[in-house]
Amino acid sequence: MSSRRIAVTASRTLTIAAWIAGIAVWAALPWLLGRGSVDILVFAGLYTIAGLGVSFLLGQCGIVSLAQSVFYGIGAYSTAYGTTVLGWPIPACMLAGIVVSGLVAMLVGTPVLRLSGYFLALATLALAIMGHVLFLEWDWLTGGTLGIGGIPHLSLFGFTLNTPFRFYYFIWPCAAVVLWLHYNLLRSRTGIALRAMRDAPSAAKVAGIRVESLRVRTFILSAVLGSFAGSLFAHYVSFVSVDSFGIDRAIGFLLIAVLGGARSISGTVVGALFVTAAPNLLSRLGEIHPLLFALLLIVAVIFLPSGFGGAFADLWRRLGGSLRPTVKDGTP
Amino acid sequence: MVLSLWIQAILSGVTNGFVYGLIGLGIAVVFRGARIINAMQGDFALLGGVVAYLLVHNLGWPLPAAFLAAMLSGAVCGMLVERLLIRPTARRQGTDDSYLLVTLGGAFAVSASVLLYFGRDSYVLPGIGGDQSVDVFNAAIRVHALALIVIGTLVVIALRWFYRGTRLGQAMLAASIDPDGAQTIGINVPLVRTLTFGLGGLVGGLAGMLVTPLINLHYEMGLLLTLKGFAAAVLGGLTSPFGAVFGGLVLGLVESLAIVTVSSGYKDVIAMTILILIMIVMPQGLFGRRGRMGG
Amino acid sequence: MVRSVSKLLICTAIAAGALATAAIAQPKGEPIKIGAILSLSGPGAGLGQPERAGILLAEQAINARGGINGQPVKIIIEDDGSKPDIAKSKAERLVFDEKVVAMIGPSLTASTGAVSAITNAEGLAQITFTGLGPKIELTYKSLYHVLPPQELNARAMLEYTTKALKAKRIGVLHDTGYGQVVLNSLNALHDKYGVEFTAVEKFEVGATDVSAQAAKVRAANPEVVFVIATSPVPFRNARQVKIEQPIVSAIGSASYDYIRGIGEFADDIVFPEFVVGEDPKPEQKEFVAAFQKAYNALPKNFEAAGWDSAQILASGIAKAGGAKATPKEIAAAIRGVHQGAMAKYDFSRDDMTGIELSSYVFSKVVKGKFERLPFVAK
């Protein structure tokens, strides 16, 4: 009994120590790295938020979504148009983006989410294509290929978030809050309903879970995350153009979800780090870098079938497992 | 004048439709035999085109020989992809998403290699009948596009015969529907799966030879082709080669008629909306009775 | 394979050239660092790669003549993969970690937008390869363009159409990327030139067959057809559906790749551009000869723009006092008139380019080669 208690305490201590170490490293990083690298970490934070939306859909509903680029775009354009043309305050613009994204997700999601499997994947791809075309066509709103520049930086407590260094300390707490909310949602009744719907859809229906409406609500939530990340992106870069919201961006978000491991929250962070940092680091190796990125992607998918998140969970379990017997041996 | 415009739209739609269909065909072949969406199908076409270009321009091979070599190299690539990408993923219990991503990685790799070793230029591959075109009521279609349509149709017929009338074709179906059962009746399932990808690559290489004279070889063409081909294959129910070509035709015609009746700017919006509507109204796809097996 | 071998040969040739000249005038000391962000992979590689060829050649030429005030110059070239957010990260790295004194590039409008927000905040000189972008760029006083604003490209096309061809009814076939931008400028100018666009049809980048759009343009009976795209497909389709009217294109399609891709249908297409390597203007001869010697090929506009960007920066840095100069002093020193290989620039103008219509050269394709036309815009 007592040995088990010690093991539990030890494991808890280990967890707390890991958290403290993690936060210390996080806080120290911008002081140690160059500005270019901090910038990459900022993008990783932005993509964590948007990628979490995709990962949530994939992990909890089994929906492969390629439409996240659309909501990311809606968020970015709302804040770009709202601040530079309409002169609205920044929070109002971000909220407008979130509302518009939510509405679009509801209107489009209601019919489309009845589909399943590859049909649904294709439908979300179709949405991404339509979104990209409309961003281009409505150039009175989006500036088309020229884009919109001069978007104001965010300001917080008198600090203008105009450098990667400052934005880093803003974006990651944002991402952490979003991750924490997500974690709580999964442990709530809705989370249980989601899991029931994913693992036993017919049983869930019998149990009175309104599967269709739950799927639509999840889609809306995912869209809201995409829009929020898009708005922050616009304020950070202070320039948006249609090139940032194409199919390649949608594929990038899906990569984050799958590489991270759709059912793992921490995995999303690592997935986002991979997608932002790998191309940047590899490009220092010269012209072969797109090929190396492709090969790295292949290797990661083959060797980590449940994503980075799954691999971490495995490692953690093994670490905890190796800890327990030693403690037991110490207390006869 | 108006009539010729409509005819031109239809000819253009059919040409594009067969292009989408030929890529979709390969996706359907692989899905039928392995239950995997192959995101590299457009890149098989790119590779086939590159091989043919090198043989014709650098070694002076005649077109038909290059044609055959492109198909064979496509087949070899397909088999390599199965051995090097698909099989290791399967061994580690990959999910549907892993297969999609691993082939997507393969597609990135092909495109990046072509840019690296072949360059950014767009290369011209001579078409069947050169650059000549045929007049239909004052509208034009290239001889090569006609050849593409005829060969595409022949491939559909040949595949139908292959699945119905040959032992290998039936073994492919058996191995995908019930792998364990197939193993017990003596089918070498791993080999058959490798051959399935080989067949997909063969069709891809053929598509490359037929498509590149229309659009020129370019390192980025693979993924663009795959996207439209995927739409064609899903419309057709994913498992049926005939359905894939039909799905491609629907897509191509909707696009070109949208250009004539509405506007070229909203062409994709209209085509994609109709695509989604078709999927909602006909959840089995246009042709696959068991089209939702993907889901 | 063939390509990588030829690339290797080029590199060796450049290296050998650099070694040979090093013996003559050897620049000494710490190199002066200039950053360059180009699209070397992704959809923009067709722009970034020729630009790099011009930049490398200029770097070699500058160091061969003794560098900047006796100090060597080093141009650090980074690839943004045609993505604006990667361009931003690279710019942060080059400006703040590498501490470059000025920036070259990027190749694409979106990347320029992302990078110029950084250089503008620092007052660092940036010479970009995109025409004037969103309006905000007019307030960026250290962002210079070595390519003309699309409005000027549009004017050059209309000058030729209305003055040389004496035509008023124009059909347009364009793609949704580059073509869209030029079209927007064309739309703003049609009153001024008294022309009418009888049909405007577009297609997505990478389209396989655009005959339907081309037929719609033909059905509107224009006197001249503008084809504005970064792919050979629309040119071929236009001729295949028997558009026999003169075709005028834009500078973005004026490259040997496209001409080769269009094949025999390329004959008689007219390009308003800047560099006709087969028949260069006197001020372009030095550059064309040097390029031909190094790469065994004729340069076009983007190669020349790459060469000009590095040369202008080098002269600006020298004028500002060489290695001692601050980035702001360099940016100020560049603001003036430069006779480049591609065009004559005046960076003190409001549009940060100062390219005049008179710098344009009009060319026609004859059997895979560009032929300079006698027409000159006023």
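FRET efficiency for the A:THR110 to A:ALA200 pair, using the beta carbon distance and R₀ = 35 Å, is estimated at 0.90. If I fit a long axis through the Cα atoms of helix A:35-56 and take the longest principal axis of the Cα atoms of chain A, what angle between them do I get, 0 to 90°, rounded to 10? Approximately 80 degrees, to the nearest ten. For C:LEU373, the residues whose amide H sits under 5 Å from its own are C:PHE362, C:SER363, C:LYS364, ignoring neighbours fewer than 5 places away on the same chain, with H placed 1.01 Å from N. For chain A, a crude dipole built from +1 on the beta carbon of Lys and Arg and -1 on the beta carbon of Asp and Glu, taken about the Cα centre, is about 1520 debye to the nearest 20.
Amide H contacts of C:GLY340: C:TYR345, each under 5 Å away and 5 or more positions distant or on a separate chain (H built 1.01 Å from N in the peptide plane; Pro and chain starts excluded). Dipole size of region B:2-281 about its Cα centre, with +1 on Lys/Arg Cβ and -1 on Asp/Glu Cβ: approximately 580 debye, rounded to the nearest 20.
Using the charge dipole of the protein assembly as shown (Lys, Arg: +1 at Cβ; Asp, Glu: -1 at Cβ; taken about the Cα centre), state which of B:ILE37, A:VAL216, B:ALA174 has its Cα farthest towards the positive end. Of the options given, the answer is B:ALA174.
Placing unit charges on the Cβ atoms of the charged side chains and taking the dipole of the protein assembly as shown about its Cα centre, the candidate lying farthest along the positive direction among A:VAL99, C:HIS145, A:THR190 is A:THR190. Excluding A:LEU46 itself, what net charge comes from residues whose Cβ is under 13 Å from its Cβ, given Lys and Arg +1 and Asp and Glu -1? Neighbourhood net charge equals 0. Of the residues A:HIS153, A:VAL177, A:GLY75, the one whose Cα sits farthest toward the positive end of the charge dipole of region A:60-200, with +1 on the Cβ of Lys and Arg and -1 on the Cβ of Asp and Glu, is A:VAL177.
So which of C:LYS33/C:LYS293; C:LYS166/C:LYS378; C:LYS344/C:LYS367; C:LYS135/C:LYS163 end up more than 19 Å apart, counting from Cα to Cα? Among C:LYS33/C:LYS293; C:LYS166/C:LYS378; C:LYS344/C:LYS367; C:LYS135/C:LYS163, the Cα-Cα distance tops 19 Å for C:LYS33/C:LYS293; C:LYS344/C:LYS367; C:LYS135/C:LYS163.
Taking a straight line from the alpha carbon of C:LYS28, these aspartates and glutamates sit under 18 Å away, with near neighbours fewer than eight places off in the same chain left out: C:GLU59. Amide H contacts for B:ARG142 (H built 1.01 Å from N in the peptide plane; partners 5 or more residues away or on another chain; cut-off under 5 Å): B:VAL134.
Over the protein assembly as shown, what is the percentage of antiparallel beta bridges among all DSSP beta bridges, to the nearest 5? Don't skip to the end; give the middle numbers.
On the way: 21 of 52 bridges.
Antiparallel bridges: around 40 percent, rounded to the nearest 5.
At an R0 of 56 angstrom, the distance between the Cβ atoms of B:ARG164 and A:ARG189 translates into a FRET efficiency of 0.60.
Across chain C, C-alpha contacts under 8 Å between residues 6 or more apart give a mean separation that, scaled by the residue count, equals a relative contact order of 17 percent. The aspartates and glutamates whose alpha-carbon is closer than 13 Å to the alpha-carbon of C:LYS300, local same-chain residues fewer than 8 away aside, are C:GLU51, C:ASP257, C:GLU273, C:GLU278, C:ASP279, C:ASP308, C:GLU371.
Between 0 and 90 degrees, the angle of helix A:289-303 with respect to the longest Cα principal axis of chain A falls at about 40 degrees.
What does the net charge come to around B:HIS144 if you take all other residues with beta carbon closer than 12 Å to its beta carbon, with K and R at +1 and D and E at -1? Net of charged neighbours comes to 0. Dividing the mean sequence gap of close Cα pairs (under 8 Å, 6+ apart) by how many residues region C:229-324 holds gives a relative contact order of 23 percent. Using only DSSP helix segments of four residues or longer, with each worth -39500 (n - 2.57), what per-residue ellipticity at 222 nm results for chain B after dividing by its residue count and rounding to 500? After summing the helix terms and dividing by residue count, I get -24000 deg cm²/dmol.
Here the spin labels are modelled as points 7 Å beyond Cα on the Cα-Cβ line, and at C:ALA323 and A:LEU319 they lie 4.8 nm apart. Taking every C-alpha pair closer than 8 Å and separated by at least 6 residues, the mean separation divided by the residue count of region B:2-281 gives a relative contact order of 41 percent. Rounded to the nearest 20 debye, the dipole magnitude of chain C is 440 debye, with +1 charges on Lys and Arg beta carbons, -1 on Asp and Glu beta carbons, and the Cα centre as origin.
Helix B:96-117 axis versus longest C-alpha principal axis of chain B: approximately 60°, rounded to the nearest ten. The trypsin sites (Lys or Arg not before Pro) of region A:204-289 meeting both criteria, a DSSP state outside H, G, I, E and B (loop) and at most 14 other C-beta atoms within 10 angstrom of the site's C-beta, are A:ARG210. Cβ-Cβ distance of A:ALA18 and C:LYS168, R₀ of 51 Å, FRET efficiency by 1/(1 + (r/R0)^6): the value works out to about 0.10. The alpha carbons of region B:2-281 stretch over 62, 52, 35 Å along the principal axes, in descending order.
Read the figures in this text as sums done on the coordinates, not as results from a lab. Every value quoted in this text rests on a predicted model; they were computed, and no experiment measured them. Counting neighbours? That spans all protein chains shown, and the Cβs are built from the backbone with ideal geometry, glycine included.
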